[in-house]
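Laboratory data are not the source of any read-out in this text; all were calculated from the coordinates shown. Quick caveat, the model's predicted, so the values are computed rather than measured. Don't worry about glycine lacking a Cβ; one is built from the backbone with ideal geometry, like all the others, and counts go over all protein chains shown.
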């Protein structure tokens, strides 16, 4: 008599092999996603730093970093504008970073994603000997063993202080 198909043992062996492969692949996939998210956060913070430095070149001061200067408009976050950074951006700038009543000088067309979500995952504040001559950007990375975390914390200790210490906190400052 000729047998068609597979025996139960053969099917169980194949299923267990597939399950083992999946069990090894899923953590690697999730780790790759987390690293990609961290790379995106770091790149956005670098772009934001460049925009802040352009602002500083124009006004010799970084924009205000208090809640009264960073508000909400049209459901999107707005970054402080104007010479003191204490003005709301024009609605045409939202959610950008510009100066001038009509967004005459655009520093950054789109603020980092972490600035536009609730809760805010990228925090900004002025710092320095004279308030406004330095700044700090801080976020928490998913990969706690990222070597850039320790580097950023040691580089920005003066500007960020205790806000940049702790597990997973990545900081960017004016340098």
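Rounded to the nearest 0.05, what FRET efficiency do residue 58 and residue 32 have when you use their Cβ-Cβ distance and R0 = 35 Å?
Between residue 58 and residue 32 the formula returns 0.30.
Taking 0.36 nm per residue of separation and subtracting the Cα-Cα distance, what length does fully extending residue 19 through residue 144 add?
Length difference between fully extended and current span is 42.2 nm.
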